[in-house]
Amino acid sequence: MLKTRVITALFLLLGFIGVLFFFPDWISSFVFAVAAALAAWEWGGFMQVEQRFRQAYALLTFALAEYLTLSGLNLVALPWLCAAAVVFWLAVVPLWFARRWPLPRHILGYCIGWLVIVPTWAALLALYRMDAWLLLAAMALVWIADIAAYFCGRAFGRNKLAPTISPGKTREGAFGALCAVLLYGLVLALRQWPDAGAERLLGLALVLILLTVLSIIGDLFESLLKRQAALKDSSNLLPGHGGVLDRIDSLTSTLPLVALYCYWMAA
């Protein structure tokens, strides 16, 4: 199992680097749309609907992503999509945790899926077109948070973060993720802006804290949906790593905020 996980991880990493830096734009955009469609198919598994509905939902998601890309509407809609996603993650999902709402198996469930998946796809494409290195840096922030949370949780974890949702996560792990992300972000900032003042660094630190919190919320939200659907993984599309949503759960909650922040800074 470990060998399979390592091989799959290396394959995914090399493939993603190729998509970012070596493939033409249209291929990269197509790959992003395919990833969104696969995530939509897995979302249908959370809803526990029939296979034909899952496939139709995936095809509609792919068609929507391609239409927005080819028409150029993704950039026009980007701030609205990302703002809606940020509101969902900061206002609706915490209430969802408190009430333990089940994911609806009708049109509302599909709309919630699009609210999770489509802004993530739009942010992914927008950040890629701004600067592939910017997208990679944003994704690395989430990876660093996950890795730090895992190792700090194993080494120091005593207090459960959300035992009824994800028993393996601890408050110590979350604090380790926060420290690692702050260090990572501030190092990058000082390299990019060596003369940055305290006010700018403080503002960046607040954004990094919010992104870390959102990454944890995204991870916990998918864990809750899997638990409610009695699933171990979102799918088995990625050997040893589960499914697409298992790999992008924290990105769904963080990338829209990153894209919105970059959009606001560039305005």
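At a glance:
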read-out: Sole exception among (1) outside any helix (DSSP H, G or I); (2) within 23 Å of residue 232 (Cα to Cα) for residue 114, by number; value: (1)
read-out: Helices (runs of 4 or more DSSP H) wholly inside the stretch 1-109 that include at least 3 residues being polar (S, T, N, Q), free of Cβ contacts under 8 Å to residues at least 60 places away in the same chain and farther than 20 Å from residue 214 by Cβ; value: 51-71
read-out: Residue list for the stretch 147-161, filter: surrounded by 18 or more Cβ atoms within 10 Å (Cβ to Cβ) and either farther than 20 Å from residue 255 by Cβ or among the charged types (D, E, K, R) (or both); value: 152, 153, 157, 161
read-out: Qualifying position, being touching a Phe, Trp or Tyr at 6+ places or on another chain (Cβ under 9 Å), among the hydrophobic types (A, V, I, L, M, F, W, C) and crowded, with 18+ Cβ neighbours inside 10 Å, among 135, 178; value: 135
read-out: Condition check for residue 172: closer than 23 Å to residue 90 by Cβ and at pLDDT 90 or above; value: no
read-out: Subset tally (residues that are in contact with a helix residue (DSSP H, G or I) (Cβ under 8 Å, 6 or more places away or on another chain) and surrounded by fewer than 15 Cβ atoms within 10 Å (Cβ to Cβ)) for the stretch 52-72; value: 5
read-out: Candidate set: the stretch 227-255, residues that are among the polar types (S, T, N, Q) and either in contact with a Pro (Cβ under 7 Å, 6 or more places away or on another chain) or surrounded by 16 or more Cβ atoms within 10 Å (Cβ to Cβ) (or both); chosen: the one modelled with the lowest pLDDT; value: 235
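The values are calculated or read from the model by the stated rules, or taken from the named source; none is laboratory data. In this text the structure is predicted, and so the values were computed from the model without any measurement. A quick note on method: Cβ atoms are made from the backbone with ideal geometry, for glycine too, and the neighbour counts reach across all protein chains shown.
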